[in-house]
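Down below is the structure, laid out as structure tokens.
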Amino acid sequence: MNIAVIGTGYVGLVTGACFSEFGVNVTCVDKDLEKIKRLEGGEIPIFEPGLEEIVRRNYQAGRLAFTTDTAEAVRQSLVVFIAVPTPPQADGSTDLSYVDTVARTIGEHLNGYKVIVTKSTVPVGTATRVRETISEAAREFGNERYHFSIASNPEFLREGSAVEDFLRPDRVVVGAEDDEAVAILRDLYKPLYLIEVPFVVTNITTSELIKYASNAFLATKISFINEVANLCEAVGGDVHVVARAMGLDGRISSKFLHAGPGFGGSCFPKDTVSLVQFSREFGVPQRIAEAVCEVNLAQRERMVEKIVALVDGDVSGKLIGVLGLSYKPNTDDVRESPSIDIIRRLQDRGARVRCFDPQAMHTAARELKDVQFCTDPYTTATGCHALVLATEWNEFRLLDLDRLRAELVEPVLVDLRNVYDPRQMQAQGFRYAGVGRSVVG
Ligand code: UDX
């Protein structure tokens with residue numbers, strides 16, 4: 001089977017590469033010629049474990065191709081995945097202009113039956129809009145005799161484990177209007193079907209909604225536990241223990257109950273805001289999702305106040321070290337990263353900042369001004385009045401605490417990811433604060 005994946009960002013590239021791993025012939029399309037050339041040279045534009053090897057192997061085997069020619073890729077494919085960016089607009093609604101452009105190109109170059117699949121996270125109703133746009137363009141270019149199906153197949157890939165998530169997903173969701181499209185998509189996903197991955201086949205609207213409901217629910221767990229953490233600080237509880245005990249209840253599960261600086265990344269912040277936005281348009285506001293967004297933003301400022309409090313109430317003119325810039329470990333992505341936001345807020349209060357991240361310094365350099373990038377955690381700590389652990393990279397889990405303390409001007413560690421044990425830190429002579437672990441005052 002020949003398929004095309006339009007948009008070679010992290011979702012499109014992982015999707016295309018993994019389908020080629022299944023033995024399908026995949027053409028990945030991007031309008032960025034530079035990116036396509038780099039991919040052809042075996043260079044992967046994102047840091048994603050396992051991806052480079054899959055891309056290289058399948059490219060060499062001739063099952064994976066890269067091009068800027070959307071028209072040709074569409075013409076030769078039975079299935080076309082739309083995986084272009086759907087960025088948020090100023091009011092929180094989703095910018096669908098890239099999706100619209102691709103839909104028009106598909107209509108213009110329709111040359112036989114095809115299944116057009118939305119992979120990008122798109123508000124409810126987008127697949128219908130795609131169908132209309134394709135039909136309109138098809139009429140305009142004399143291609144209306146060709147039949148096509150529309151489908152929705154949302155991705156649930158986590159950055160940093162996207163390949164694993166694709167090859168061993170919890171479920172595959174397919175929303176379609178006709179059996180033909182379902183049969184073709186089932187065939188495409190056959191290797192997963194054979195290992196008994198559950199398939200949820202439904203209508204398009206339901207499929208579109210599943211993605212938002214899933215992400216908003218996970219985001220809700222995070223904002224919920226962050227509020228409980230804040231309460232723990234006020235009443236003298238330990239959120240770590242609360243979350244553990246809650247998680248032992250199978251109905252709750254322990255996942256996504258880690259208190260911290262709030263969620264970031266390219267999905268949760270954007271998708272929750274988008275859900276809030278389009279649900280209002282339908283006259284059914286999602287009040288929980290609204291509160292989740294609000295709590296998440298407030299948590300960042302709360303982290304800044306936590307840092308300031310440990311630096312005698314004023315960071316102005318002080319040097320603060322920050323470990324971790326990406327929104328979570330194992331990625332170089334700093335989009336909506338709490339760490340970046342917290343650094344900016346510290347700078348607004350007059351702090352000077354040194355920082356280190358194992359992978360994300362090049363991406364953070366585009367976002368941050370007037371910070372010193374360091375080579376490791378210890379040089380980051382040198383001369384600092386406080387060290388902030390903002391992202392829980394593995395290499396920050398076993399730091400040499402004596403060495404760290406010796407580098408710091410003041411022995412202050414603010415652990416926004418609850419990596420260290422408060423009692424142990426106190427015993428080691430640190431002024432330490434985690435999130436929601438008020439056992440240490
Ligand atoms: C998420 C979804 O998990 C994935 O299914 C979807 O397709 C895309 O969005 P991702 O953004 O890659 O994936 O990261 P994820 O591991 O889910 O973490 C998101 C954010 O939540 C991170 O900033 C992380 O630090 C934060 N988080 C996660 C917490 O603060 N606490 C937790 O318990 C879990």
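The values are calculated or read from the model by the stated rules, or taken from the named source; none is laboratory data. Here the structure is a predicted model, which means the values were calculated and not measured. Note: ideal-geometry Cβ built from the backbone for every residue, glycine included; neighbour counts use all protein chains shown. Ligands, DNA and RNA are excluded from the accessible area calculation, which covers all protein heavy atoms including side chains. Shrake-Rupley method; radii C 1.70, N 1.55, O 1.52, S 1.80 Å.
Backbone phi angles across segment 363-378, fed through the Karplus curve with coefficients 6.51, -1.76 and 1.60 (θ = phi - 60°), yield HN-Hα couplings of 6, 5, 4, 6, 9, 9, 10, 6, 10, 9, 8, 10, 9, 6, x, 6 Hz in residue order; Gly and Pro are listed as x. Listed values for segment 272-279 are Karplus-derived 3J(HN,Hα) couplings in whole Hz (6.51 cos²θ - 1.76 cosθ + 1.60, θ = phi - 60°), namely 5, 5, 5, 4, 4, 5, 6, 5, and x replaces Gly and Pro. Please list log₁₀ I(q)/I(0) at q = 0.16, 0.17 Å⁻¹ for segment 255-377, using the Debye equation with identical point scatterers on the alpha-carbon positions. Those come out to -0.82, -0.90, one per q. For segment 145-150, 3J(HN,Hα) computed residue by residue from phi via the Karplus equation (6.51, -1.76, 1.60; θ = phi - 60°) reads 6, 8, 8, 9, 10, 10 Hz, glycine and proline entered as x. Here Lys255 is the anchor, and the aspartates and glutamates within straight C-alpha reach of less than 18 Å, apart from those fewer than 8 places off in the same chain, are Glu159, Glu164, Asp165, Asp170, Glu227, Asp238, Glu392. Here the extension length gained between Tyr146 and Ala245 equals 29.9 nm, from 0.36 nm per residue of separation less the Cα-Cα distance. If R0 equals 35 Å, the separation of the Cβ atoms of Ala291 and Arg171 corresponds to a calculated FRET efficiency of about 0.80.
Looking at the chain, the DSSP beta bridges with both ends there are about 10 percent antiparallel. Using just its DSSP H runs of length 4 or more, each adding -39500 (n - 2.57), the chain gives a mean residue ellipticity at 222 nm of -13500 deg cm²/dmol after division by all residues.
If you stretched the chain out fully between Thr382 and Leu231, how much longer would it get, using 0.36 nm times the residue separation minus the C-alpha to C-alpha distance? Display every interim value, and only then the final one.
On the way: separation 151, 0.36 × 151 = 54.36 nm, distance 3.36 nm.
Between Thr382 and Leu231, full extension yields an extra 51.0 nm.
Averaged over its residues, the chain has an accessible area of 43 Å² per residue, based on protein heavy atoms and a 1.4 Å probe. Tell me which residues come under 5 Å, amide H to amide H, from Leu389 once H is placed; ignore anything under 5 positions away on its chain. Under 5 Å from the amide H of Leu389: Leu323, Val414, Asp415, Leu416. Here the accessible area is traced with a 1.4 Å probe on the protein chains. For segment 2-202, carbon and sulfur cover 47 percent of it. Here Tyr193 and Gln428 are evaluated by their C-beta separation; at R0 = 56 Å the FRET efficiency comes out at 0.60. Label sites at Thr205 and Arg280, each approximated as a point 7 angstrom past Cα along Cα to Cβ, lie 2.2 nm apart. Peptide packing: for 229-238, 313-322, 279-288, 396-405, the average count of neighbouring Cβ atoms within 10 Å per residue gives the ranking 313-322, 229-238, 396-405, 279-288, highest mean first. Shape summary of segment 2-202, radius of gyration then Dmax from alpha carbon positions: 15.9, 45 Å.
Once backbone amide H atoms are built at 1.01 Å from N, Val353 has Ile320, Gln372 as its partners under 5 Å, excluding neighbours fewer than 5 places away on the same chain. Label point of Asp100 set 7 angstrom out along Cα-Cβ; within segment 260-281, amide nitrogens under 18 Å from it belong to 278. For segment 396-441, with all protein chains in place and a probe radius of 1.4 Å, 43% of the accessible heavy-atom surface sits on carbon or sulfur. At q = 0.10, 0.13 Å⁻¹ the log10 of I(q)/I(0) for the chain amounts to -0.77, -1.15, computed by Debye summation with a single uniform scatterer per C-alpha, solvent ignored. Percent of C-alpha pairs per 10 Å bin in segment 324-421, short distances first: 17, 54, 29, 1. Shown for segment 303-389: the carbon plus sulfur share of the solvent-accessible area, taken with all protein chains present and a 1.4 angstrom probe, equals 44%. Spin-label model, Ser214/Ala309: points 7 Å from Cα along the beta carbon direction are separated by 3.7 nm.
Using Cα positions and a limit of under 28 Å, work out the lysines in reach of Lys318, with same-chain residues fewer than 8 apart set aside. Leaving aside lysines fewer than 8 places away in the same chain, those within reach of Lys318 are Lys306, Lys328, Lys369. So what is Rg over Rh here for segment 217-433, counting just Cα atoms and using Kirkwood for Rh? On the Cα set of segment 217-433, Rg over Rh gives 0.98.
Projected label points at Arg186 and Thr375, each 7 Å from Cα along the beta carbon direction, are separated by 5.9 nanometres.
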